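Asks: What follows is a single structure, and I will ask about it in a moment.
Each value in this text was obtained by applying a stated rule to the coordinates, not by laboratory testing. Because the structure is a prediction, the values reported are computed rather than measured.
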């Protein structure tokens, strides 16, 4: 494969009160395929923020589905922050408006409650 194999990542835990139970169950079953955890976290943050329109910041734990040498799946915690600023770009004389993608930063696993 060119550029390395894709890995499977899954959201294990979402901060309490971020979304309804049915939406949370739907998101927890979703598997994100990416080469690294940060890009998978970006995809996950877009899915999380889409299902919770009123929240501006959500903390979550992403788990690599591959078991490492110690027999443990690596878990990484992230914070997704919504960017509500509308941006306007002119392409071939037409104005296109869109919102920027969420900002994703790593955080401590103990911060996700």
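Asks: Pick out which of 77, 40, 101 has the largest mean-square fluctuation in a Gaussian network model of the chain, springs linking Cα atoms closer than 10 Å.
Replies: 101
Asks: Something else about it: Work out how much length residue 7 to residue 30 would gain on full extension: take 0.36 nm times their residue separation and subtract the Cα-Cα distance, in nm to one decimal.
Replies: Details: separation 23, 0.36 × 23 = 8.28 nm, distance 1.36 nm.
Answer, rounded to one decimal: 6.9 nm.
Asks: Give the angle, between 0 and 90 degrees and rounded to the nearest 10, that separates the Cα long axis of helix 37-51 from the longest principal axis of the Cα atoms of the chain.
Replies: 60 degrees
Asks: Turning to a different aspect of this structure: How big is Rg to Rh over the stretch 39-93, alpha-carbon atoms, Rh as the Kirkwood inverse-mean-distance radius? Provide the component values of the computation, followed by the final result.
Replies: Numbers: Rg = 16.2 Å, Rh = 13.6 Å.
Using only Cα positions, Rg/Rh for the stretch 39-93 is 1.19.
Asks: Could you give the spread of the C-alpha atoms of the chain along their three principal axes, from largest to smallest, in whole angstroms?
Replies: Its Cα atoms span 56, 41, 24 Å along the three principal axes.
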